[in-house]
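Heads up, the thing below is written out as structure tokens.
What follows draws every value from the coordinates through simple rules; no lab data is involved. Since the structure is predicted, the reported quantities are computational estimates derived from the model, not experimental observations. Cβ sites come from the backbone with ideal geometry, for glycine too, and all protein chains shown count toward neighbours.
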Amino acid sequence: MRYHTPSSFEDAARLAAQAQGLTRFLAGGTDVLVQMRAGMVQPDDLIDLKKIPGVGDITRTDEGGWRIGVAVPGAALSAHDALRAEWPGVVEGMDLVGSVQIQGRATLTGNLCNGSPAADSVPGLVAAGATVEITGPEGTRTAPVAEIPAGPGKTSLQAGEVISAILLPPRGAHGGDAYLRFIPRTEMDIAVVGCAVNLRLSGDTVAEAQVALGAVAPVIRLVPEAAEAIIGTTLDEAALQALDAAARAACSPIDDKRGTVAFRTEVAGVLARRAALIAYGRAKGDTA
Amino acid sequence: MSKIHVTTTVNGDPVEFLADPRETLLDCLRDHLGLTGSKEGCGTGDCGACSVTLDDRLVCSCLVLGVEAEGRRVDTIEGMADADGLHPLQRKFIEHAALQCGFCTPGLLVAAKALLVQNPDPTEEEVRYGLAGNLCRCTGYDKIVRAVMDAAAEMRQEAA
């Protein structure tokens, strides 16, 4: 295995494009090193992105959003007060991943690129309308986070393409987001169902909303029908029932020992209700 | 397979070693530097027996490549006691009998130290969540949690 430490994303993309064998990018390594150890993945070229300037930074964009470097660990995300205040749902999703030790290394970008339908940090990004900046042989492009997952363990990135940053849009006024997941224990487990809700209020009425579900389909995805169920409402019981039904209708989960199809489907509706209420409260100024 | 020359700092001392790029930091600490305090339990970041700090951030050294330590600062269990004696956490682990087989102990001590740097006055719940990345199959955790709470109190100079 050749170990590379490029000093720019252009160089990283070039290395990946020229590589003949199996290539992996290394950020936090909490998935890649496990796969290497298990023999699932034996890269010929391992491209460590951490020597590229800025990959550990969280910075304000000119538009008033955030640019999150690909090597920012979960612990740094949680410790960033301003980011957490604006996008608590995004931060709490990442914070649910693993132990303190894992949080010291694991990254949003890695969680996204690992392609797990149960990735806890991804529904929050999808609901937030986050985008990724992608550097490739043809230059730089941006794409919605929602377009990156392509199936369990798969992404839509092309050979030679590498995510060079995650971009969160400006939070704006009267917005709130939240992420909830169900696991059979209190922590340190993989989501059986995950749900993120991001909304904006006009007075007491939901003016905009995005609902994303995780672990109930081959990819994490937006559920526009669930968002439509609460837009124009004050999140009264009728709206919550409609949201619950739309979330359940969007489920096509696997059936395994961690959750049956019926269970995952029902829980998706319950989490959508609860996450919507938390997001609503946060849009009203709740800080919890 | 060509090896890579790595220069880093371990427990305050400058060190260098030659690493195969596939070797983990844990492999390098144990096999190249003779620092066998950090243990390999699972090798996949689940058990925490290999916990070290990398530039003051708690990590599993089995999930870090040795070559990634270049220019960084690594602190391991071997650096915990100083010339004056054991760290308060180490003394309290002995006092409370917070270990049986001892395999998880180095990782738990390193993780507990990192926890108390972040939060010198943790609740029992915070200790349990903070150490959830360290598995112990002997003690049932209760004595470990008591030892950490007691050490924290002593380090804050309060009687527990």
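So the values come out like this:
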read-out	value
Candidate set from the stretch A:97-124 (those that are within 14 Å of another protein chain (Cβ to nearest Cβ) and of a type in the set (A, V, I, L, M, F, W, C)); member that is farthest from residue A:217 (Cα to Cα)	A:100
Matching option when the condition is without any contact (Cβ under 8 Å) to a residue 60 or more places away in the chain and either more than 9 Å from every other protein chain (Cβ to nearest Cβ) or more than 30 Å from residue B:118 (Cα to Cα) (or both), among A:26, A:15	A:15
Checking residue A:29 against (1) part of a strand (DSSP E or B); (2) touching a helix residue (DSSP H, G or I) at 6+ places or on another chain (Cβ under 7 Å), the condition it does not meet	(1)
The stretch B:109-140 - residue that is surrounded by fewer than 19 Cβ atoms within 10 Å (Cβ to Cβ) and among the hydroxyl-bearing types (Ser, Thr, Tyr) and, of those, nearest to residue B:39 (Cα to Cα)	B:129
Qualifying residue in the stretch B:100-108 (condition: within 12 Å of chain A (Cβ to nearest Cβ) and either surrounded by fewer than 22 Cβ atoms within 10 Å (Cβ to Cβ) or not hydrophobic (A, V, I, L, M, F, W, C) (or both))	yes
Residues of the stretch B:36-55 satisfying the condition of being among the hydroxyl-bearing types (Ser, Thr, Tyr), in a loop (DSSP other than H, G, I, E, B) and either over 20 Å from residue A:32 (Cβ atoms) or more than 10 Å from chain A (Cβ to nearest Cβ) (or both)	B:36, B:38
For residue A:46: the one exception among (1) among the aliphatic types (A, V, I, L, M); (2) within 12 Å of another protein chain (Cβ to nearest Cβ); (3) part of a helix (DSSP H, G or I)	(3)
Count of residues meeting criterion [surrounded by fewer than 21 Cβ atoms within 10 Å (Cβ to Cβ) and either in contact (Cβ under 8 Å) with a residue 24 or more places away in the chain or of a type in the set (Lys, Arg) (or both)] in the stretch A:251-272	7
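One line per residue, one yes/no per condition, for (1) out of contact with any Phe, Trp or Tyr (no Cβ under 8 Å at 6 or more places or on another chain); (2) part of a helix (DSSP H, G or I); (3) within 24 Å of residue A:199 (Cβ to Cβ):
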position	(1), (2), (3)
A:12	no, yes, no
A:16	no, yes, no
A:25	yes, no, no
A:77	yes, yes, yes
